[in-house]
1. Tell me yes or no: at least one residue of the range 191-208 is crowded, with 21+ Cβ neighbours inside 10 Å and of a type in the set (Phe, Trp, Tyr).
2. Please go through the range 113-126 and give me each residue that is in contact with a helix residue (DSSP H, G or I) (Cβ under 6 Å, 6 or more places away or on another chain) and either exposed (fewer than 15 other Cβ atoms within 10 Å of the Cβ) or not hydroxyl-bearing (Ser, Thr, Tyr) (or both), ordered by number.
3. So which residues in the range 1-37 are charged (D, E, K, R) and surrounded by 11 or more Cβ atoms within 10 Å (Cβ to Cβ)?
4. Looking only at residues in the range 212-245 that are over 29 Å from Ala182 (Cβ atoms) and either in contact with a strand residue (DSSP E or B) (Cβ under 9 Å, 6 or more places away or on another chain) or hydrophobic (A, V, I, L, M, F, W, C) (or both), which one is surrounded by the most Cβ atoms within 10 Å (Cβ to Cβ)?
5. From the list Ser198, Ser149, Ser166, which one is modelled with pLDDT of 90 or more and farther than 28 Å from Gly274 by Cα?
6. Sort out which residues of the range 127-141 are closer than 18 Å to Pro189 by Cα and surrounded by fewer than 22 Cβ atoms within 10 Å (Cβ to Cβ), and write them in order of number.
Amino acid sequence: MIANQLALIRREIWEHRSVYVTPIAIAVIVTLVSVAGMVTVSAFDRELELAIFGASSIAGDAERRAALTVFFFGTSWVFLLALAILISFYALDSLYAERKDKSILFWRSLPVTDAETVLSKLLMAIVVIPLLTVVAIVATHLVNLLISSVWLVLKGGDAGHLIWGSVPLFDNWTAALIFTLAGAVWMSPFIGWFLLVSAYAKRSPMLLAIMPLAVIPLIEWIFFRSAVFAELVFGRGGMLPLFRGLDLERYFDEDRMRMDEGAVSLLAHLDIAGFLGSPSLWAGLLACGLFTTGAVFLRRYRGEV
């Protein structure tokens, strides 16, 4: 079973190059934007020297950690947006494409069940693609930190003190890993639905997947004047129970106007127990399981496109 899954996942990576090409492309773009920003800022030489001096002598470690965390977040959200789009397109295309190009006939001749095949596609969407995205995020952070260090040294700053002495690598990368995987699991009902549509559609799987999500809320509003379905579907992304409430007053020591060291950590704001104990999480996984089971059944009996 495990050997088959590893082989099937390698097949998915081989057939769907976008799962690793897209994060690489985003990483290159983000790095180029960061370099362009440094070049632009370099025009303000005097102000830049004062800022570097101020960061060296006035700002504390917590302030520098907060600034670098904001920098990390600013270079990560693009990856997360691309991840959501990439997973959606992958799930919609994964079972539809093999019927369209008739390659399903070859894969059915191998000693691999339909359940194993569909499960490998689900694991690609929920685990493998998010992990590849996190690797791209980490690589981008390292490249940007190295470029920033060289730039800072050329401007007369101490990169070892200002960057590497304060950068919260483990905190940010662990938080990025947890958030990315948790987000994919949380949105698993949509992934299961897209796989079901991909196994069923004879053409335009995207249209077929989106139409019920748009028509059902409309019908519900017209006949019942309610929006329960719309809130469950379109509001699920904002319902992710992974973060504790943030108290902005915790960020500063009122006497010294310094950042609170404990408040800077991203991991301190993650509520993993609350996430795992959320009924909505398990209801979503149940829905994903039902949709995936339907996709297995359809792949077994659905003809080619």
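The values are calculated or read from the model by the stated rules, or taken from the named source; none is laboratory data. Here the structure is a predicted model, which means the values were calculated and not measured. Ideal geometry is used to build each Cβ from the backbone, glycine not excepted, and the neighbour counts take in all protein chains shown.
1. Of the residues in the range 191-208, the ones crowded, with 21+ Cβ neighbours inside 10 Å are 191-199, 201, 205.
Now narrow it down to the ones that are of a type in the set (Phe, Trp, Tyr): 193-194.
Taking every residue of the range 191-208 in turn, at least one turns out to be crowded, with 21+ Cβ neighbours inside 10 Å and of a type in the set (Phe, Trp, Tyr).
2. Once the filter is applied, which keeps residues that are in contact with a helix residue (DSSP H, G or I) (Cβ under 6 Å, 6 or more places away or on another chain) and either exposed (fewer than 15 other Cβ atoms within 10 Å of the Cβ) or not hydroxyl-bearing (Ser, Thr, Tyr) (or both), the range 113-126 yields Asp114, Ala115, Glu116, Val118, Lys121, Leu122, Met124, Ala125, Ile126.
3. So the first thing to find is which residues in the range 1-37 are charged (D, E, K, R), and the list is 10-12, 15, 17.
Those that are charged (D, E, K, R) and surrounded by 11 or more Cβ atoms within 10 Å (Cβ to Cβ): Arg10, Arg11, Glu12, Glu15.
4. Trp221
5. Residue meeting the stated conditions: Ser198.
6. Within the range 127-141, Val127, Val128 meet the criteria.
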